[in-house]
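Read the structure below first, then the notes.
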Ligand SMILES: Cc1ncc(COP(=O)(O)O)c(C=O)c1O
């Protein structure tokens, strides 16, 4: 058998010379929706039918009483904390390996993050760490579903309910996912969505807070209203999200099939382990496809792997930095051992979602690039990039 071609990082031809697929892609339905918002004049108004329809459709789709639109998922987390009246002197438990904005949102309201570990199977919040982390000043838990991993919300809500601790469920990465029979984002006292520019539902910017608690909804509304709305979602943005919401499930199914195919095709690649969920009646969605990458087993540092894959035209990236690694210990309390979070910090690799809606050739290219990196790992580890 011939050797696969030289890696692009070492001067060979890239697997995808055109680079990763763009996001969002060409979208006639969004263009039509935005054109309608221009034609009916709502594009230039503070309020209008598109935002109102989006609020109703989100409430229906996510099985909640109230959906509040806002300027980003990051702000929606802060809004949730404020609506739960969390502030100085309070503690909020969250995973050290999480979206960094969640840690910063806790600080934004003056509270103290308490960092806990991730589950070994999927590097999402480890529920068995909560009991050791809780204190008399714990006022909330933030949990995110990350990289195709899911958190067992039934068990989390039972634990938190017994202690009267509200839960903020960050579903920014998983709109349309099902967790134990219910939509992700609908389990928590507050759920959070993002319509950021890279997200499955994209308006360039934007987010939403979901809740079925009238008091939380009222307090969140009060925070948003300062004479005018602070941090709003515009009519044009709402108009752009609506057609995407209508086809979210069919696209999620397509992404899920693609991830299953990729997982099978990459099975047995040393040091590349897919995230796994162990719960009934659940189905993840994929904003990022996460793998647990063991650089020693694969034979290549993570930074070099990512550089090699990107040179091939594949949108692979390192995962989040864990909060306990880079940040001053004065800025958080350590709620548990953080060994898995440390592993995630060094070993999470994530594939951006647009390729999952591609053709079989697009998916095969991802596999080819992984195999190329593995085949040439020794040279990739040893040689500087071409042109250096
Ligand atoms: C888990 C999670 N929460 C929140 C956000 C923030 O969303 P936004 O970009 O809308 O602020 C992100 C963005 O990547 C995320 O991954």
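Within the stretch 51-76, the set of residues being within 18 Å of residue 232 (Cα to Cα) and without any contact (Cβ under 8 Å) to a residue 12 or more places away in the chain comprises 52, 56.
Scanning the stretch 38-71 for residues that are over 18 Å from residue 196 (Cβ atoms) and in a loop (DSSP other than H, G, I, E, B) returns 40, 41, 45, 46, 47, 48, 63, 64, 65. Hey, could you check the stretch 87-100 for residues that are within 15 Å of the ligand (Cβ to nearest atom) and not in a helix (DSSP H, G or I) and say which is surrounded by the most Cβ atoms within 10 Å (Cβ to Cβ)? Going through the qualifying residues, I end up with 95. The criterion of at least 2 residues that are more than 15 Å from the ligand (Cβ to nearest atom), touching a strand residue (DSSP E or B) at 6+ places or on another chain (Cβ under 7 Å) and closer than 22 Å to residue 334 by Cα is met by the following strands (runs of 3 or more DSSP E) wholly inside the stretch 101-212: 112-116, 138-144.
Residue-by-condition table, conditions (1) free of Cβ contacts under 8 Å to residues at least 24 places away in the same chain; (2) surrounded by fewer than 19 Cβ atoms within 10 Å (Cβ to Cβ); (3) over 12 Å from the mean Cα position of the chain (by Cα); (4) under 21 Å from residue 67 (Cβ atoms):
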residue: 147; (1), (2), (3), (4): no, no, no, no
residue: 154; (1), (2), (3), (4): no, yes, yes, no
residue: 161; (1), (2), (3), (4): yes, yes, yes, no
residue: 174; (1), (2), (3), (4): no, no, no, yes
residue: 180; (1), (2), (3), (4): no, yes, yes, no
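Within the stretch 210-233, can one find any residue that is touching a helix residue (DSSP H, G or I) at 6+ places or on another chain (Cβ under 9 Å), under 24 Å from residue 28 (Cα atoms) and touching a residue at least 60 places away in the same chain (Cβ under 8 Å)? Checking the stretch 210-233: at least one residue is touching a helix residue (DSSP H, G or I) at 6+ places or on another chain (Cβ under 9 Å), under 24 Å from residue 28 (Cα atoms) and touching a residue at least 60 places away in the same chain (Cβ under 8 Å). If the condition is being surrounded by 14 or more Cβ atoms within 10 Å (Cβ to Cβ) and touching a strand residue (DSSP E or B) at 6+ places or on another chain (Cβ under 9 Å), then the stretch 38-60 contributes 51, 54, 55, 57, 58, 59. Being part of a strand (DSSP E or B) and within 15 Å of the ligand (Cβ to nearest atom) is a property that residue 79 lacks. Within the span defined as the stretch 369-378, every residue fails to be in contact with a strand residue (DSSP E or B) (Cβ under 8 Å, 6 or more places away or on another chain) and outside any helix (DSSP H, G or I). For the stretch 296-310, indicate whether the set of residues that are modelled with pLDDT of 95 or more, touching a strand residue (DSSP E or B) at 6+ places or on another chain (Cβ under 8 Å) and not in a helix (DSSP H, G or I) is non-empty. No, every residue in the stretch 296-310 fails to be modelled with pLDDT of 95 or more, touching a strand residue (DSSP E or B) at 6+ places or on another chain (Cβ under 8 Å) and not in a helix (DSSP H, G or I).
The values are calculated or read from the model by the stated rules, or taken from the named source; none is laboratory data. From a predicted model like this one, the values you see are computed outputs, not experimental measurements. Counting neighbours? That spans all protein chains shown, and the Cβs are built from the backbone with ideal geometry, glycine included.
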